[in-house]
1. Subtract the Cα-Cα distance of Leu116 and Ala98 from 0.36 nm times their separation in residues, and report this length gain in nm to one decimal.
2. Using modelled amide H (1.01 Å from N, peptide plane; none on Pro or chain starts), what sits under 5 Å from the amide H of Ala62, excluding residues fewer than 5 places away?
3. Which value in nm describes the separation of the simple spin-label points at Leu85 and Arg24, placed 7 Å from the Cα toward the beta carbon?
4. Given 10 °C and 1.306 mPa s, how large is the Stokes-Einstein diffusion coefficient of the chain in µm²/s, with Rh as the Kirkwood radius over Cα pairs?
5. For a 30 Å ceiling on Cα separation, which of these pairs sit above it: Lys9/Lys82; Lys9/Lys101; Lys86/Lys118; Lys9/Lys118?
6. If you project the alpha carbons of the stretch 63-123 onto the principal axes, what extent comes out on each, in Å, largest first?
7. Using +1 at the Cβ of each Lys and Arg and -1 at the Cβ of each Asp and Glu in the chain, identify which of Ile49, Pro66, Leu6 lies farthest towards the dipole's positive end.
8. At 0.36 nm per residue, and after removing the present C-alpha to C-alpha distance, how many nm does the segment from Glu61 to Arg16 gain when stretched out fully?
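Computed from the coordinates by the stated procedures, all read-outs in this text should not be read as laboratory data. Everything numeric here is computed off the predicted structure, so don't read it as measured data. Here the Cβ is made from the backbone with ideal geometry for all residues, glycine too, and neighbour counts use every protein chain on show.
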Amino acid sequence: MRAQLLGAKGTIVDGRVRDLQEHRDLDYPVFARGIGTNAAAEVCFPSQINVPVRLNSTGQEAWIRPADILIGDLNGVVCIPKEALKSCLEILPDIVNADTKCAEDILKGQSFAEVLRKHKGKL
């Protein structure tokens, strides 16, 4: 609630959160790696503002930097580096079109492997 009152549009937690219904009731989006109890206040703290943040990832180096674009929904969060935004926006219509065609062909009875080969050049 405090973050929302300070002007935040949402919160991304590199860990677990609880009380999801309370966040939804506030119309405040919260995204997290998992759901459950979280650590005590002594180890839970907000990140600084406008500084790079290293995620607690295993097997990869993952950072969120100021000006990166973060997009979240019920399926997860994507970070688009600022310098990649233009190229992402350029290829997105083709990806959406291919996904739409895949769905149409699956509804016509084609297999998933067939539609991937046909519309995405895979398998």
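1. Details: separation 18, 0.36 × 18 = 6.48 nm, distance 0.89 nm.
That pair, Leu116 and Ala98, stretches by 5.6 nm at full extension.
2. Leu55, Ser57
3. Placing both labels 7 Å along Cα→Cβ, they lie 3.1 nm apart.
4. Numbers: Rh = 17.7 Å.
After rounding, the answer is 90 µm²/s.
5. Lys9/Lys101; Lys9/Lys118
6. Computed over the Cα atoms, the extents are 45, 24, 18 Å.
7. Result: Pro66, furthest along the dipole toward the positive end.
8. Numbers: separation 45, 0.36 × 45 = 16.20 nm, distance 2.00 nm.
14.2 nm is the gain from fully extending Glu61 to Arg16.
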